[in-house]
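Read through the structure below, which is laid out as structure tokens, and then see the notes.
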Amino acid sequence: MQPIQSLDRLSLNQITTNQWTLREAVEGSLRAGVPWIAPWRNKVAELGLSESKRIIRESGLKVSSLCRGGYFPGDTAAQRQANLEDNFRAVEEAAELGTDTLVLVCGPSADKDIATARQYVEEGIAKLVEHAQAHGVKLGIEPLHPMYAAERSVVVSLAQANTIAEQYTPEQVGVVVDVFHVWWDPDLYPQIERAAGRILGYHVSDWLVPVPDLLLGRGMMGDGVIELRKIRQAVEQAGYNGPIEVEIFNQAIWDMDGDDVMELMKQRYLEHV
């Protein structure tokens, strides 16, 4: 398996430098020579959409995706409609920022009825597709690790994500493969092959042993047990050769100097991804 030879595909998912504002993340990416960025909507909101768009456009950085849409379920019809309207806005923000991919973290059940919550996810995506397509934005369903089913997403396997995505064309709905969420799956490689032609994003980090925190426990590449290069090769064989986002939730990394994080990220990307 060949190592990556350059930084051409490297993208800073903004959560990795959560200590930075969007302006700081753009400036830090330029200093580090990282050509892609994946903003988070809360950081865009802090700065304002028009200013965020201006800063990114003038920087010359390319936008790999916008994080995030989703969270479709709700315990009332009114709440589900409000969630859908927020997704409409997320699509519009993605288009304004210059990316064709909105990452969907599909959301948890509002109660113990997980089957109905999954139905709400499918209904929400169905209602969002036309709006997204009209804005030139694809919906990337990101399955999360099953430990997040109760609070973040009832879509917890690549097989589930594929089944939903296959109801649409690859130009409408695809999947996002995040190694932290899928590395454990015994069906991973057949599901990556199944997703050929509709993989919209690839996210890397590492799984630490022991996991220090359920949410803030992702490691820098090379510090854990994930077969990063093998998964990348499978994703590429399935036709994905787009940007590779480093997405790390980890308080210890957030407490570091942002420029130091960028240098470490680049080093580990070349060594392990």
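The values are calculated or read from the model by the stated rules, or taken from the named source; none is laboratory data. Quick caveat: nothing in here was measured; it's all calculated off a predicted structure. We place every Cβ from the backbone using ideal geometry, glycine too, and count neighbours over all the protein chains shown.
Inspect segment 114-122 for any residue being touching a Lys or Arg at 6+ places or on another chain (Cβ under 9 Å), in a helix (DSSP H, G or I) and closer than 19 Å to GLN160 by Cβ and give the result as yes or no. Before the answer, list the steps.
The initial filter retains those residues of segment 114-122 that are touching a Lys or Arg at 6+ places or on another chain (Cβ under 9 Å), namely 120.
From the residues that got through so far, the ones that are in a helix (DSSP H, G or I) too are 120.
Filter once more, keeping what is closer than 19 Å to GLN160 by Cβ: 120.
Yes, some residue in segment 114-122 is touching a Lys or Arg at 6+ places or on another chain (Cβ under 9 Å), in a helix (DSSP H, G or I) and closer than 19 Å to GLN160 by Cβ.
Looking at this structure, is ARG9 on the phi < 0 side of the Ramachandran plot, at pLDDT 95 or above and touching a Gly at 6+ places or on another chain (Cβ under 8 Å)? Before the answer, list the steps.
Numbers: on the phi < 0 side of the Ramachandran plot: yes; at pLDDT 95 or above: yes; touching a Gly at 6+ places or on another chain (Cβ under 8 Å): yes.
For ARG9, the condition - on the phi < 0 side of the Ramachandran plot, at pLDDT 95 or above and touching a Gly at 6+ places or on another chain (Cβ under 8 Å) - is met.
Looking for whichever is modelled with pLDDT of 95 or more, more than 16 Å from the chain's Cα centre (by Cα) and more than 19 Å from VAL105 (Cβ to Cβ) here; the options are GLN251, GLN191. Which one fits? Even if it seems obvious, please write down each step before you answer.
Numbers: GLN191 fails: more than 19 Å from VAL105 (Cβ to Cβ).
GLN251 is the lone residue from the list that is modelled with pLDDT of 95 or more, more than 16 Å from the chain's Cα centre (by Cα) and more than 19 Å from VAL105 (Cβ to Cβ).
Which count do you get for residues in segment 181-190 that are under 12 Å from ILE231 (Cβ atoms) and either crowded, with 22+ Cβ neighbours inside 10 Å or of a type in the set (Asp, Glu) (or both)? Even if it seems obvious, please write down each step before you answer.
Of segment 181-190, the ones under 12 Å from ILE231 (Cβ atoms) are 181-185, 188-189.
Next, from what is left, pick out any that are either crowded, with 22+ Cβ neighbours inside 10 Å or of a type in the set (Asp, Glu) (or both): 181-182, 185.
Selection size over segment 181-190: 3.
Just need a number here: residues in segment 92-103 that are crowded, with 24+ Cβ neighbours inside 10 Å and not in a loop (DSSP other than H, G, I, E, B).
As a first pass, look at segment 92-103 and keep what is crowded, with 24+ Cβ neighbours inside 10 Å: 94, 99, 102-103.
Then drop every residue that is not not in a loop (DSSP other than H, G, I, E, B), which leaves 94, 102-103.
Of the residues in that region, 3 qualify.
Out of all the residues in segment 132-153, is one or more farther than 23 Å from ASN42 by Cα, of a type in the set (A, V, I, L, M, F, W, C), without any contact (Cβ under 8 Å) to a residue 60 or more places away in the chain and not in a helix (DSSP H, G or I)?
So far as segment 132-153 goes, no, none of its residues is farther than 23 Å from ASN42 by Cα, of a type in the set (A, V, I, L, M, F, W, C), without any contact (Cβ under 8 Å) to a residue 60 or more places away in the chain and not in a helix (DSSP H, G or I).
Among the residues in segment 214-235, are any farther than 27 Å from GLN267 by Cα and of a type in the set (Lys, Arg)?
Of all residues in segment 214-235, those farther than 27 Å from GLN267 by Cα come to none.
No.
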